[in-house]
1. Exactly one condition in (1) closer than 23 Å to L116 by Cα; (2) under 10 Å from the mean Cα position of the chain (by Cα) is not met by R176; state its number.
2. Pairs only if they're at least six apart or on different chains, beta carbon under 9 angstrom, first in segment 181-198 and closer than 16 Å to V152 by Cα, second surrounded by fewer than 11 Cβ atoms within 10 Å (Cβ to Cβ) and at pLDDT below 95; list them, first residue then second.
3. Look at D62 and say whether it is loosely packed, with under 14 Cβ neighbours inside 10 Å, among the charged types (D, E, K, R) and touching a helix residue (DSSP H, G or I) at 6+ places or on another chain (Cβ under 7 Å).
4. Can you confirm whether segment 124-133 contains a residue that is of a type in the set (A, V, I, L, M), part of a helix (DSSP H, G or I) and in contact with a strand residue (DSSP E or B) (Cβ under 6 Å, 6 or more places away or on another chain)?
5. Can you spot a residue in segment 175-186 that is of a type in the set (D, E), in a helix (DSSP H, G or I) and surrounded by 16 or more Cβ atoms within 10 Å (Cβ to Cβ)?
6. Return the total of residues in segment 108-128 being of a type in the set (A, V, I, L, M, F, W, C), within 13 Å of Q50 (Cα to Cα) and loosely packed, with under 15 Cβ neighbours inside 10 Å.
7. Just give me the residues in segment 99-123 being of a type outside the set (A, V, I, L, M, F, W, C) and not in a helix (DSSP H, G or I), in sequence order.
8. Restricting attention to segment 76-107, and to residues there that are of a type in the set (A, V, I, L, M), surrounded by fewer than 18 Cβ atoms within 10 Å (Cβ to Cβ) and in contact (Cβ under 8 Å) with a residue 24 or more places away in the chain, which single residue is farthest from L146 (Cα to Cα)?
Amino acid sequence: MKSIAMRRRQLLTASAVLPASLLIASNAAASEPTDADIGFCQDMSIHHLQALVMCQRVLGRDTGDAVQAAAAEVLQNQAMEVGQMRAWLTDWGASTVPPVSVMAWMGANQGQGMPLAYMPGYASDEQLLELSTTVGLSRGRKWLELMRAHHVGGVMMASQAQTLCSSEKVIRLATRQVSTQNFEIEQYDLLLAGQYAQ
């Protein structure tokens with residue numbers, strides 16, 4: 001009887017400790033980034049970096065005050081987000097080198113990814129050259145058109161991240177990106193229909 005009582009106490013003790021152990025393991029697993037967390041941060045970082053290049057090609061130019069203000073806002077917001085995403089990648093031991101193949105994390109090309117040039121909203125070299133060589137309000141209009149397309153692609157990726165990513169901070173960032181960029185798209189549409197209409 002004594003051994004049975006002792007065994008019962010051991011089982012009760014084990015059952016009391018087990019949930020805490022499982023909780024610790026669960027928290028540890030939750031803190032580990034998934035392929036989607038890493039892939040999204042890598043892809044969105046390079047996507048943002050092109051947006052910064054596009055902003056630098058119009059800031060200080062005669063494109064009209066509205067585009068100057070919009071480009072300055074994108075430059076500030078997205079530079080901060082690039083720093084944030086790259087810091088997370090470094091913490092996770094993941095590469096911050098610009099990827100050659102993108103969007104595998106969201107199942108593109110049956111999970112094999114695709115070339116960077118095919119990333120939604122990613123401007124071509126020809127489009128960037130045109131942005132650099134156009135002048136006046138025409139340059140402002142070209143920036144609005146390219147950044148609008150860029151934002152549409154960014155919103156698509158961020159929306160996928162809201163569903164596929166596991167890290168709470170990554171999901172919060174993606175949610176903020178969807179909201180901010182959708183709002184900016186609306187502003188660009190107003191400008192393209194008004195001051196920058198052809």
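The values are calculated or read from the model by the stated rules, or taken from the named source; none is laboratory data. Everything numeric in this text was worked out from a predicted model, so none of it was measured. Neighbour counts run over all protein chains shown; Cβ positions are idealised from the backbone, glycine included.
1. (1)
2. Going by the 9 Å Cβ cut-off, the qualifying pairs are L192/Q198.
3. yes
4. Checking segment 124-133: not a single residue is of a type in the set (A, V, I, L, M), part of a helix (DSSP H, G or I) and in contact with a strand residue (DSSP E or B) (Cβ under 6 Å, 6 or more places away or on another chain).
5. Within segment 175-186, one or more residues are of a type in the set (D, E), in a helix (DSSP H, G or I) and surrounded by 16 or more Cβ atoms within 10 Å (Cβ to Cβ).
6. Total satisfying the criteria: 1.
7. Listed by number, the residues that qualify are P99, S101, G107, N109, Q110, G111, Q112, G113, P115, P120, G121, Y122.
8. A94
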